[in-house]
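Step one of this worksheet: look at the structure below.
Readers should treat all values here as calculations from the given coordinates under stated rules, not as data from a laboratory. Model, not experiment: these values are computed from the prediction. Cβ atoms come from the backbone with ideal geometry, glycine included; neighbour counts cover every protein chain shown.
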């Protein structure tokens, strides 16, 4: 039983040329960068910055964003090398198949399905909340049974998922144009908020920039971070250690740049465009996050910031409540593109797995007119809409985080492996300082994983067990690589 059989890079690229599975190449480096910004910039920029400043880092939250960006940058450099070397749909799944083998690739693919499916549903529920709030401010109040935290069926969440599913099914170029328009709207809102906030910044609010450290309450039971159980280390608020504790939280505001790699097969010049899209979107978002965090802690003392809507409330505190409506519009625009691109990423990972036979191959057929895996996109949209409409997702949201970090670990390790096993491959982009940089990426991601609660780890393990059973029940027996007798 050879569950570690690999799929050669050459075979992965040949598979993209089959007529029934050929995706249309329409995307440029600019499109990919905008995709990255579209999925990274969500409500976190309006909410997370203030929350973390108040509870964990103080005014030094800007440094926490820089630390988190460095950790993401390490992983992004590894993604950039893989994406330019193997420009095939599937992202970390495809990279793992070429380096670690079929079974590890399946595990990563199954992990990505968890990350992207849950994230799309969770974010659409957040979109629904902002949408209902905006309608309420205009005098239109939706019934509590169809929108909000107590909804029996979250109708707005389901509606936005289904509308965006239609956009994705219509073609990748239309999706990129819709994304561009909405990203321009939300980045404009963010920039206006930054500029408006500068007029109300007081230097005294930055002192002390790094508040003295304070021990946080010890969390017991399944809610306790794994690092506390294993090593007896409890998180600390404020101080230098507080900056790093906050980085573990704000890291998740950067999640999404890896989805750029899932569009590799639809990119006109992937060897050049993918590294630029991945690294460019991460750089732009880092600047926006740091600027917003500096503004919000400059407008109001960090210990007076609210936890529900810190940025909007900070403007209200300085007599500018009109900005709160502006922030709602920015948040709605932000979450719209996040939902769309998460579903795009999920369909492309599923597409690659179906094409390899690990899931039913007929689902990977490309529509002759739109050039997209329309059937698969429709299925993903219906599942995401059902989850958003009927399931309480708040307790499962942290599974998105652990799934993403696990993928980062595998991709980072895969760069080292592929350098050793296939030094002959043409690499349009090369990760610097190999193996040091990928090792640092692995260690940084593992550290952040250890800061997640035990219950998140248990749920993650249960999901993985289900995936293993499905692989041996279906994927192993239907694998195209196994049938072709290909090992490399």
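Please say if region 319-434 is rounded, prolate or oblate, where rounded means a/c under 1.5 for a ≥ b ≥ c the square roots of the C-alpha gyration tensor eigenvalues, and otherwise the choice is prolate for a/b larger than b/c and oblate otherwise? It would help to have the intermediate numbers written out before the result.
Details: a/c = 2.04, a/b = 1.34, b/c = 1.52.
Here region 319-434 falls in the oblate category.
The length gained by stretching the chain between residue 426 and residue 24 to full extension, at 0.36 nm per residue less their Cα-Cα distance, is 142.4 nm. Fewest-first ordering of 405, 222 by other beta carbons within 10 Å of each residue's beta carbon gives 222, 405.
Potential lengthening of the chain between residue 287 and residue 447 amounts to 55.2 nm, from the contour at 0.36 nm per residue minus the alpha-carbon distance.
When a/c is below 1.5 the answer is rounded, else prolate if a/b is larger than b/c, else oblate, so apply that to region 9-484 with a ≥ b ≥ c taken from the square roots of the Cα gyration tensor eigenvalues. Before the final figure, lay out each step's value.
Values: a/c = 1.64, a/b = 1.36, b/c = 1.20.
Because a/c hits 1.5 or more and a/b exceeds b/c, region 9-484 counts as prolate.
Suppose R0 equals 25 Å. What FRET efficiency, 1/(1 + (r/R0)^6) with r the Cβ-Cβ distance, do residue 304 and residue 195 give to the nearest 0.05? Don't skip to the answer; put the middle values down first.
Values: r = 23 Å, r/R0 = 0.90.
E(calc), rounded to 0.05, equals 0.65.
Taking every DSSP helix (H) stretch of at least 4 residues in the chain, weighting each as -39,500 (n - 2.57) and dividing the sum by the residue count yields a mean residue ellipticity at 222 nm of -21000 deg cm²/dmol.
Mind giving me the FRET efficiency for residue 229 and residue 462? R0 is 22 Å, r the Cβ-Cβ distance, nearest 0.05 is fine. Show your work: numbers first, answer last.
Details: r = 18 Å, r/R0 = 0.84.
For R0 = 22 Å, the calculated efficiency reads 0.75.
Placing a label point 7 Å from the Cα of residue 10 along the Cα-to-Cβ line, the residues of region 423-460 whose backbone N sits under 13 Å from it are 424-426.
Checking the a/c ratio against 1.5 first, then a/b against b/c, what shape does the Cα gyration tensor give for region 417-488?
Working: a/c = 4.13, a/b = 1.03, b/c = 3.99.
Here region 417-488 falls in the oblate category.
Residue separation of residue 17 and residue 329 scaled by 0.36 nm, minus their Cα-Cα distance, works out to 108.1 nm of gained length.
So for 419, 477, fewest C-beta neighbours within 10 Å to most, what's the order? Display every interim value, and only then the final one.
Values: 419 18, 477 11.
By the 10 Å Cβ count, ascending, the order reads 477, 419.
As a calculated quantity, the FRET efficiency between residue 474 and residue 390 at R0 = 35 Å, using C-beta atoms, amounts to about 0.85.
Relative to the longest principal axis of the Cα atoms of the chain, the long axis of helix 29-40 makes an angle of roughly 60 degrees.
Simple spin-label estimate for residue 173 and residue 455 gives 4.9 nm between the two label positions (7 Å along the Cα-to-Cβ direction from each Cα). Separation of region 421-452 and region 311-347, taken as the distance between their Cα centroids, equals 33 angstrom.
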